[in-house]
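This report refers to the structure that appears directly beneath it.
Just so it is clear, none of the values below were taken in a lab; they were calculated from the coordinates. Since the structure is predicted, the reported quantities are computational estimates derived from the model, not experimental observations. Here the Cβ is made from the backbone with ideal geometry for all residues, glycine too, and neighbour counts use every protein chain on show.
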């Protein structure tokens, strides 16, 4: 009886490939299980020894920070800043074009669920995300909304302006992302690209219509008789 052929040696993965596989697997794992899930469980799902997992990421926080950099921050495109800074385009056109691309890039189950899970635990990822948004997006959003209202003011956002911007930005993410992908509730027009584009245009128009009202001094309520 002929001897069986020796088993082929297992090919070792390049360290960068292995690390990338761990980060991608961790993102999916934390999105499903929450950030309180254990590293040993993650290693089991990835089919690797937990000692190997700790070789690449000595602490759970280090792994979560890497997941943030790739899954959340890594989806921000520097060219969006150039788009919003293009003085030749009117505010409505810029905001519409930006949010069409931005929402398509971020509204995935992994992005949303990791953000929500972290907000319910240590808050690390929402803190990082909103720091990015406050640095790269909100000043531009404020400038364009004011420009649409005929103002060139560079003053810091008033509380009313900040509330309006948050309602606009958060409203789009809630309607088109959190509602269907976190709460798993359908919304009218889901999957209809043209209708979703119209929803974005409607929200942008609403922001620009409300901005002059928000910039004006608050109306005084009539005195009680």
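For the chain, build the convex hull from the C-alpha positions and give me its volume per residue in Å³.
It comes to 217 Å³ per residue, whole-number rounded.
In nanometres, what is the gap between the two model label sites at residue 135 and residue 195, each 7 Å from Cα along Cα-to-Cβ?
3.9 nm
Taking 8 Å as the Cα distance limit and 6 or more residues as the minimum spacing, I'd like the relative contact order of the stretch 15-71 as a percentage.
So the answer I get is 43 percent.
May I ask you to derive the relative contact order of the chain, considering only C-alpha pairs under 8 Å and at least 6 residues apart, and to give it as an integer percent?
21 percent
Using alpha carbon centroids, what distance separates the stretch 71-105 and the stretch 169-194, in Å?
Value for the Cα centre distance between the two parts: 19 Å.
Taking N as the number of residues in the stretch 22-138, what value does Rg over Cα atoms divided by 2.2 N^0.38 Å take?
1.25
If each residue of separation counts as 0.36 nm, what is the full-extension length gain between residue 32 and residue 18 once their alpha-carbon separation is subtracted?
Using 0.36 nm per residue and subtracting the Cα-Cα distance, I get 2.9 nm.
Evaluate the distance, in nm, between pseudo-label points positioned 7 Å from the Cα of residue 93 and of residue 155 along their respective Cα→Cβ axes.
So the label points at residue 93 and residue 155 sit 3.0 nm apart.
Between residue 184 and residue 75, what FRET efficiency follows from the Cβ-Cβ distance if R0 is 25 Å, with the result rounded to 0.05?
For R0 = 25 Å, the calculated efficiency reads 0.65.
Just the ratio, please: alpha-carbon radius of gyration of the stretch 75-149 over 2.2 N^0.38 Å, N its number of residues.
In units of the 2.2 N^0.38 Å rule of thumb, it is 1.23.
If you build the convex hull over the alpha carbons only and average its shadow over all orientations, what do you get for the stretch 15-71? Give it in nm² to one decimal.
Mean orientational projected area (the stretch 15-71, Cα hull): 3.4 nm².
Starting from a Cα-only point model with no solvent, please compute log10 I(q)/I(0) by Debye for the stretch 116-180 at q = 0.13, 0.19, 0.29 1/Å.
-0.44, -0.84, -1.27
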